[in-house]
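In what follows, a single structure is set out as structure tokens and then discussed.
The values are calculated or read from the model by the stated rules, or taken from the named source; none is laboratory data. Here the structure is a predicted model, which means the values were calculated and not measured. A quick note on method: Cβ atoms are made from the backbone with ideal geometry, for glycine too, and the neighbour counts reach across all protein chains shown.
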Amino acid sequence: MKRLGETCISAAGKEVMYAFANVKRPLPGYTSWIEDLERWAEIADISNVDLGPKTTRKTYESWLVAYFPNWTLQIAMSQGHTTDTALRHYLNLGFVENDKVEMKDFVEGWK
């Protein structure tokens, strides 16, 4: 069993980290990122309400909690959340089993 703080990133996670570390152009600024997310939401025909730069982190965090419910406190702490904040985020997760199957490649190896 790994100690707290030790991680083993999945193959998909390694690819994302490699791509992020080797990006050839500047990352978008806060305003550009919001505009990109709004445009992508429109293309995907989903609501852009509450969609913003923190959405990526919050989504990944929610996936981790859905996939590793016994690690909720450690996940919250890794994000800098208090227990109260974490509970507000996690109590309303509506993931179904198929969602967890689709998350697997991105969260596997976290603990």
Any residue that is over 18 Å from HIS89 (Cβ atoms), in a helix (DSSP H, G or I) and hydroxyl-bearing (Ser, Thr, Tyr) - is there at least one of those in segment 31-46? yes
Part of a loop (DSSP other than H, G, I, E, B), more than 19 Å from PHE106 (Cβ to Cβ) and modelled with pLDDT of 80 or more: does that describe ARG25? yes
Residues of segment 44-101 that turn out to be over 22 Å from TYR30 (Cα atoms) and among the charged types (D, E, K, R), as a count: 6
